[in-house]
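> I have a structure I would like to understand better, so I am pasting it below and will then ask my questions one at a time.
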Ligand code: PMP
């Protein structure tokens, strides 16, 4: 595979980042994942905008203008022959003598690589639905910044696996925040319910698109917190993320949601999202 490191396109074996990189030592960095469908980048402007915001919140700057970033994404998709898959982008504060305080003159590190995922839009899980467990949300308080501190979400995934499930929904003060790597939704009395934006959750790019499509299709949307008990009694549940699109959730902590099969709202939103993404991709 060809990867990108600080201005260079290199075979992955030749790509190097310093052992003093603050991304490695302090998780002092942010990332984005942009899906590719039929060779086209999905929601690229949204991901670029969120990257700029994450960087700004941490007193970092965009390493290159958005246009150049798009070109780098496209070049990697082309070089690696990606039809369906994703582009991963990470920007860190770069290498400096180890010190908690930021370096005075940081030289940021930017790395991009691709992953091929043939048949990304026809994931079998979209037909079976996924099973989730609930766990306490033990992450830090600025989940709106997309940092590379992903240890707790990784632990959550492992807890789900150990329970024979696919993912974990995290709960804080009795209410669901989000999934380990996705935003969480239920359908209640026909309305789509998902937690409101704030510092407690990542502002999903897929979330924004799906809520827009839902409103355009005259579906009712409520942005408010919900509990695990409410979700278990809901008509449907589902998640969204750049790599899973819209994915039905059919079981929460061993309780079937609705009929225990993917529901019509999740199925319809998935169709619309994939169709619109294929159309609007760049
Ligand atoms: N929440 C968390 C914690 C995530 O890691 C992700 C995926 N990166 C999302 C939500 C979904 O965001 P997006 O739709 O932008 O992929």
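Readers should treat all values here as calculations from the given coordinates under stated rules, not as data from a laboratory. Here the structure is a predicted model, which means the values were calculated and not measured. Glycine gets a Cβ as well: all are built from the backbone with ideal geometry, and neighbour counts include every protein chain shown.
> For the Cα atoms of the chain, what angle does the longest principal axis make with the long axis of helix 44-57, in degrees from 0 to 90, nearest 10?
70
> Most exposed first by the Cβ proxy, i.e. fewest other Cβ within 10 Å, how do 181, 18, 35 rank?
Fewest-to-most ranking of 181, 18, 35: 18, 181, 35.
> At a 10 Å Cβ-Cβ cut-off, how would you order 224, 143, fewest neighbours first?
Ascending Cβ contact count within 10 Å gives the list 224, 143.
> Enter the angle in degrees (range 0 to 90, nearest 10) between the Cα long axis of helix 66-79 and the first principal axis of the Cα atoms of the chain, meaning the one along which they spread out most.
Long axis of 66-79 versus the principal axis of the chain: about 80 degrees.
> Same structure again: GNM on the chain, C-alpha springs below 10 Å: top fluctuator among 126, 208, 266?
208
> For segment 111-183, what percent of Cα pairs sit more than 13 Å apart?
Of all Cα-Cα distances in segment 111-183, 71 percent exceed 13 Å.
> I've got another one for you. How large is the direction-averaged shadow of the alpha-carbon convex hull of the chain, in nm²?
Projected over every direction and averaged, the Cα hull of the chain covers 14.7 nm².
> I've got another one for you. Counting DSSP beta bridges with both partners in segment 130-268, what percentage is antiparallel, nearest 5?
65
> Got the relative contact order for the chain handy, in percent, Cα pairs under 8 Å and 6 or more residues apart?
Relative contact order for the chain comes out at 19 percent.
> At 0.36 nm per residue, minus the direct Cα-Cα distance, what do residue 105 and residue 233 gain on full extension? Give it in nm, one decimal, please.
40.7 nm
> Let me ask you something else. With 10 angstrom as the radius, rank 245, 213, 238 by how many other C-beta atoms surround their C-beta, starting from the fewest.
Arranged by neighbour count, lowest to highest, 245, 213, 238 become 213, 245, 238.
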